[in-house]
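Written out below as structure tokens is the structure these notes cover.
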Amino acid sequence: LKVVRGPFNAEVDLNKYECLLTLQRCYAGRSPIGSGRDQQTQAGSYSVRDKSTSPPQSAAGHVGGRGDALGARWIGLGNQLGIHGTNNPQGIGRPGGNGWISLANRDIEDVYDILSIGSRVVIRR
């Protein structure tokens with residue numbers, strides 16, 4: 001077993017619906033994503049500001065108050081923008097899901113463990 005030390009970073013491509021994990025510019029993993037139908041996620045560079053095993057109420061309010069729709073993990077990027085799990089796997093790989101940037105619950109658990117506070121997340125359109 002080889003343990004690789006981070007920090008890991010993420011590149012989210014909203015056009016390709018994927019999240020690419022990197023370590024020192026080397027490939028570390030890839031997951032399909034979904035994007036929320038009501039949110040206009042801003043392209044740019046962010047950093048992980050907080051992590052939680054339950055989405056904050058402010059994020060849940062963006063999808064009609066159904067916090068459970070945001071899945072089991074929340075990675076906050078600031079200004080109520082975040083990466084989260086979803087209990088609606090049909091929203092992965094296309095727009096129209098709940099919340100902001102969503103990953104299947106099995107994928108968000110891995111990404112949640114890999115990204116740390118301060119990890120860089122670049123969002124591209």
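Every number here is computed from the coordinates shown, using simple stated rules; none is lab data. Computed from a predicted structure; not experimentally measured. Reconstructed Cβ throughout: ideal geometry from the backbone, glycine too, with neighbour counts over all protein chains shown.
Which far-off residues, 5 or more places away or on another chain, put their amide H under 5 Å from the one on Gly71, with H placed in the peptide plane?
The answer is Asn87.
Roughly what % of DSSP beta bridges within the stretch 72-125 run antiparallel, to the nearest 5?
Working: 4 of 8 bridges.
Expressed as a percentage, antiparallel bridges in the stretch 72-125 total about 50.
Packing-wise, with mean Cβ within 10 Å as the measure, how do 104-114, 83-93, 43-53 rank, highest first? Don't skip to the answer; put the middle values down first.
Working: 104-114: 17.6, 83-93: 20.4, 43-53: 14.5.
Result, highest mean first: 83-93, 104-114, 43-53.
Amide H to amide H, which residues 5 or more places from Gly29 or on other chains are under 5 Å from it, using H placed in the peptide plane?
Correct list: Leu21.
Name the long-range amide H neighbours of Glu18: under 5 Å, sequence gap of 5 or more, or other chain; modelled H, no Pro or chain starts.
Asp13, Ile33
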